[in-house]
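As structure tokens, the structure follows; a few thoughts come after it.
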Amino acid sequence: MRSVNEEKEDRGTLLVRDLRVTFPLPGGGEAAAVDGVSLEIRSGTTLGLVGESGCGKTLTALALLRLLPPAARLRGGTATLDGVDLLSLPERRLRRYRGGRLAMIFQEPMTSLNPVMRVGEQVVEAVRAHRELGSRESRELALEMLSRVGIENPRERFYSYPHQLSGGQRQRVMIAMALAGGPGILLADEPTTALDVTVQARILRLIASLRERERMGVLLVTHDLGVVAGQAQFTAVMYLGRLVETARTGDLFAFPRHPYTRALLRSIPRLGVGRRRLETIPGGVPSIAERPSGCPFHPRCPRVAEECRRAVPELEEMAPGHRAACFRPLEAKS
């Protein structure tokens, strides 16, 4: 049996172009919850996808796996991996990619794991779904995966039920299941939700080490800019279903060009700056059924102009590799 270590290769890049997901409106018609999103998730790197709750981050990740809620409709776009558009594949062929080349860690492991099935058996099930291995080989690979994600005494924990594990251990089991098919791209949707700070740090370090070791591309969906700063090489900021800024993480934190990005950054507590009131963004993210005309952020933007109310700005390059969708972008510091 080949070990996971022997399967390293150039994992490729996932190219997402003009992704669009809609929901029906009560009075007829549709509203876009994901509206023309384009992303590039490169082998061996992490792309952080950030924004307030309700901006469409999780829906974007689910759309790539075609695991949308029943009412949602995929209305356009491509997601190309290994030269194949995953969004146009027949369901039967998609199953070879979903959980195999493209895998996902969901937000809450307690609701994602089967409560009446031993965790080791669940990892074995994930292995056998994507690898042509016998029962004994599948079990040994499942044990290897549990060990690789830092589960202590994996042969003992193999027989535990989810409720017998801590939150951090359950999340590690979910990561083991996601890695069972040897994915080239890992979608991590708020992977540290409901975990305490020290466990969060361990899980994030684990994902980073696995990314480096396995040359995976990672899409890290989060609302936590502190997590993005420490984990992602690239960052995309999302607001009301649209991308408003994309850049290398260091450039985005140092020189945000979109007012929404700057407002998010100014709302983060900082050490060593004395006591000060944290800034807030006035208002809230509107529902997709109440999307404002023009730039979706204009009702909350301190730099709003008449043009912002009339037209929707497109992502434009402000500096090499740094794009923002704004008619009145912030100036880069000299």
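Just so it is clear, none of the values below were taken in a lab; they were calculated from the coordinates. From a predicted model like this one, the values you see are computed outputs, not experimental measurements. As a convention, Cβ positions derive from the backbone with ideal geometry for all residues, glycine included, and neighbour counts pool all protein chains shown.
The table below lists the values:
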item: Whole-percent pair-distance distribution, where bins are 20 Å wide, for the alpha carbons of the chain; result: 30, 55, 14, 0
item: Arg155 paired with Glu132, simple spin-label distance in nm, labels 7 Å along Cα-to-beta-carbon; result: 3.1 nm
item: Given charges at beta-carbon only (K, R positive; D, E negative), |dipole| of the range 4-232 in Debye; result: 380 debye
item: Gaussian network model of the chain, springs between alpha carbon atoms under 10 Å - residue of Glu30, Glu132, Glu144 with greatest fluctuation; result: Glu132
item: Amide H within-cut-off set for Glu30, under 5 Å, with H built and near neighbours excluded; result: Leu25
item: Percentage relative contact order, the chain, counting C-alpha pairs under 8 Å, at least six apart; result: 21 percent
item: Peptide ranges 79-85, 227-233 listed from the most packed, as the mean C-beta count within 10 angstrom indicates; result: 227-233, 79-85
item: The range 179-231: relative contact order in percent, alpha carbon pairs under 8 Å with at least 6 residues between; result: 48 percent
item: C-alpha long axis of helix 167-179 to longest principal axis of the chain, angle in °; result: 80 degrees
item: HN-Hα J in Hz across the range 317-327 - Karplus 6.51, -1.76, 1.60, θ = phi - 60°, x for Gly and Pro; result: 6, 9, 7, x, x, 10, 10, 9, 9, 7, 6
item: Pairs of Cα atoms farther than 18 Å apart, the range 139-232, %; result: 43 percent
